[in-house]
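Each remark here refers to the structure printed beneath this line.
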Amino acid sequence: MINNIISTFYQNADHIKAPQMSAYMKNKFPFLGIQKPKRQQLAKEFIKEAKKKKAVDWDIVSMLWDLPEREFQYLAVDYLVALKDYIKAEDIERIEKLITTKSWWDTVDAIASVIVGQMCKSNPELIENHIMHWAESSNIWLARTAILFQLKYKENTDINLLSRIIRENSEQKEFFIAKAIGWVLREYSKTNKEWVREFIENNALQPLSIREGSKYI
């Protein structure tokens, strides 16, 4: 199954689109040139069969992550998202490796908001055991994950936890950290506008965080 989808991706490479897609990602990764709609269509049967197994095959994830072209990391993330209910607490070390290897926002954000978000809902002990350590990490992608893991929680957001994590990172001028803080505040403002307004007014945040976080208030 895995060899078939890898072959299919290579057979559908577009050598005109590939350099354009790579340039969009700051030339950090080579691309096959398969854009998202086509990629998802090509992978549809692979994902469908994977769901039937109701378990994550980490060898598949590792194989895809090790391939050079970025579409294979996207496929690995799509695979994990499809099987997110079957990712176990003890898999957190594997997830951390994915966050810190071939790191960029295009994979980290989905891992953070969907996969880690679901893992922490099912296994809240992961928050103190791992997420809070990530929040203090010098690795910006672990810190960004800690900021974003509640992104889709809406009314279930733990505002005390969110405050702790943001304050831990609010002095950082790193773009991807400041942007993440603004993003999570902007998203939560759709649920609790007043809390976000007060938080922005009463905390020292980077200008980018304030600008992003204030968009809907």
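Observations, loosely collected:
- Of the criteria (1) over 25 Å from Ser103 (Cβ atoms); (2) aromatic (Phe, Trp, Tyr); (3) surrounded by fewer than 13 Cβ atoms within 10 Å (Cβ to Cβ), which one Phe199 fails: (3)
- Residue match in region 176-190 (condition: of a type outside the set (Gly, Ala, Ser) and more than 25 Å from Asp106 (Cα to Cα)): no
- If you go through region 202-217 and pick out every residue that is open to solvent by 30 Å² or more (accessible area, probe 1.4 Å) and among the hydroxyl-bearing types (Ser, Thr, Tyr), you end up with 2.
- Residues in region 138-167 that are within 13 Å of Ser209 (Cβ to Cβ) and open to solvent by 40 Å² or more (accessible area, probe 1.4 Å): Arg167 only.
- Checked against (1) open to solvent by less than 20 Å² (accessible area, probe 1.4 Å); (2) over 24 Å from Asn139 (Cα atoms); (3) assigned to a helix (DSSP H, G or I), Gly33 meets all criteria but (3).
- For region 190-209, the count of residues that are within 26 Å of Leu83 (Cβ to Cβ), of a type in the set (Val, Ile, Thr) and over 15 Å from the mean Cα position of the chain (by Cα) is zero.
- Being basic (Lys, Arg) and open to solvent by less than 10 Å² (accessible area, probe 1.4 Å) is a description that does not apply to Arg94.
- Where a residue in region 97-119 is within 14 Å of Asp66 (Cα to Cα) and free of Cβ contacts under 8 Å to residues at least 60 places away in the same chain and its partner, wherever it lies, is open to solvent by 10 Å² or more (accessible area, probe 1.4 Å) and not in a helix (DSSP H, G or I), with Cβ under 6 Å and at least six apart: Thr100/Asn139
The values are calculated or read from the model by the stated rules, or taken from the named source; none is laboratory data. Please read these numbers as outputs of a predicted model, since none were measured by experiment. In this analysis, Cβ positions are derived from the backbone assuming ideal geometry, glycine residues included, and neighbour counts consider all displayed protein chains. To get the accessible areas, we keep the full protein, side chains included, count just its heavy atoms, and leave off ligands, DNA and RNA. Shrake-Rupley method; radii C 1.70, N 1.55, O 1.52, S 1.80 Å.
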